[in-house]
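The structure appears below as structure tokens.
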């Protein structure tokens, strides 16, 4: 998952992708998409206090190594 707010960073060149990885990704794209969206939505909703599905320990376990804290502005998370 990549968070981009400025489309100027997206190039027009074709990417070189391994065919086996491409096929596996294509076959599982809906699962990947839904899982990533749920992961981000759960994070945002927990921090904004709109939906609490984790206790503090579980939240820490799930998101401990996440890079999402670097994108609070882009995700609309209020910072203290």
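Couple of notes before you dig in:
- A simple spin-label model places pseudo-atoms 7 Å from Cα toward Cβ; at residue 5 and residue 56 they are separated by 2.9 nm.
- Spacing of the modelled spin labels on residue 34 and residue 19, each 7 Å from Cα toward Cβ, amounts to 3.0 nm.
- Taking 0.36 nm per residue of sequence separation and removing the Cα-Cα distance, the residue 75/residue 12 pair yields an extension gain of 20.1 nm.
- Across the chain, the mean sequence separation of Cα contacts (distance under 8 Å, 6 or more residues apart), normalised by length, yields a relative contact order of 30 percent.
- Mean ellipticity per residue at 222 nm, deg cm²/dmol - from DSSP H runs of n ≥ 4 across the chain, formula -39500 (n - 2.57): -15000 deg cm²/dmol
- Comparing mean-square fluctuations of 24, 13, 56 from a GNM of the chain with C-alpha springs under 10 Å, the top value falls on 13.
- Kirkwood-based shape ratio for the chain, expressed as Rg/Rh from alpha carbons: 1.05
Each reported figure results from applying straightforward, stated rules to the coordinates on display, with no laboratory input. Since this is a predicted model, take the numbers as computed values, not measurements. With ideal geometry, Cβ positions are generated from the backbone for all residues, glycine too; neighbour counts draw on all protein chains shown.
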